[in-house]
Amino acid sequence: MTHTPPPDGAVPRRPGGRQVIPRPSNVVTEFGAPWADAATWSVEELIAPVESTSAPMLPSFPDARHSAVLLVLAEGPEGAEVLLTRRSMELRNHKGEMSFPGGRCDPGESPVQTALREAHEEIGLEPHRPQVVGELEHLSTIVSKSYIVPVVATLDERIELSPQTMEADRVMWVPIAELTRPGTYHRERWGLAPLDRPLHFFLLEDETVWGATARMLVDLLILPR
């Protein structure tokens, strides 16, 4: 594994918890984030560009599993906070990973309907409470062969929620200020050029957010404001 050196005087990387990341041997770590250290926004500031732009559509692929997730924001003491869940270790795929509530679309179901239904089933969030404001860029995943629509919604207040099924074993509100805190974010390149691909990582005190979930968070944070 190789890496570009962090800037002089950089804050050490945070622990990131005990999650095991299936890194290949040829990983290049890149430091530096596309936002200011400890940047934070209000919910209104975060969703303004989501409301005013259309999410770029990506071409689907044969046998893609069409899915949707709910990216919920609420105002907290330090500004906007985002709702994350941790997938149960009992699941076959992506066990122990941080994610947004969501899942596969049922026949005839829209991405918004899927995201709201899954959030209700997984964490008890009543479908009428989130106010849907738009979508982030759709993305396709290699491992799960999914085509995912990230649905962005807000809550009037931050409410306590808990796992309702075996799919998740933790629900947590994470301040955006924690995600942009120095020592939290870095990027890794997996594979060999020209087929290498970038992956985003957020190291919290006791969890690591990476993969598609981290990609969606980055997409939200880098929207022009």
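No value in this document is a laboratory result; all are computed from the given coordinates. These numbers come from a predicted model, not from an experiment. Every residue, glycine among them, receives a Cβ derived from its backbone with ideal geometry; neighbour counts consider all protein chains shown.
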Among 50, 11, 72, determine the one that fluctuates most according to a GNM of the chain built with springs between C-alpha atoms less than 10 Å apart.
11
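Let me spell out the model: positive unit charges on the Cβ of Lys and Arg, negative unit charges on the Cβ of Asp and Glu, origin at the Cα centre of region 26-221. What dipole size does that give, in debye rounded to 20? Don't jump to the answer; show the numbers that get you there.
Working: 16 positive and 31 negative charges, 161 e Å.
That gives region 26-221 a dipole magnitude of about 780 debye.
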Just going by the charge dipole of region 79-164, with Lys and Arg at +1 and Asp and Glu at -1 on Cβ, which of 112, 130, 142 is farthest out on the positive end?
142
Given just the C-alpha atoms of region 26-221, how large is their convex hull per residue in cubic angstrom?
134
How many nm is it between the label spots at residue 63 and residue 106, if each spot is 7 Å from the Cα in line with the beta carbon?
2.6
With a point put 7 Å past each Cα toward its Cβ, work out how far residue 113 is from residue 160 in nm, to one decimal.
3.4
At 222 nm, what value in deg cm²/dmol follows for the chain if DSSP H runs of at least 4 each add -39500 (n - 2.57) and the sum is divided by all its residues, to the nearest 500?
-5000 deg cm²/dmol
Efficiency of FRET from Cβ geometry, residue 19 and residue 75, R₀ 25 Å, rounded to 0.05:
0.30
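For residue 222 and residue 44, compute 0.36 nm times the residue count separating them, minus their Cα-Cα distance, and round to one decimal in nm.
On the way: separation 178, 0.36 × 178 = 64.08 nm, distance 1.50 nm.
Gain on extension, residue 222 to residue 44, equals 62.6 nm.
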For residue 27 paired with residue 54, estimate the spin-label separation in nm (one decimal), with each label point 7 Å from Cα along the Cα-to-Cβ line.
3.9
DSSP bridge pairs, the chain: antiparallel proportion in percent, nearest 5
75
Give me a comma-separated list of calculated 3J(HN,Hα) values for region 101-107, in order, Karplus coefficients 6.51, -1.76, 1.60 applied at θ = phi - 60°, integers in Hz, x for any Gly or Pro.
x, x, x, 6, 6, 6, x
Output ³J(HN,Hα) for region 168-184: one whole-Hz value per residue in order, computed from phi by the Karplus curve 6.51 cos²θ - 1.76 cosθ + 1.60 with θ = phi - 60°, and x for Gly and Pro.
10, 10, 7, 10, 8, 8, 10, x, 4, 4, 6, 5, 9, 5, x, x, 9
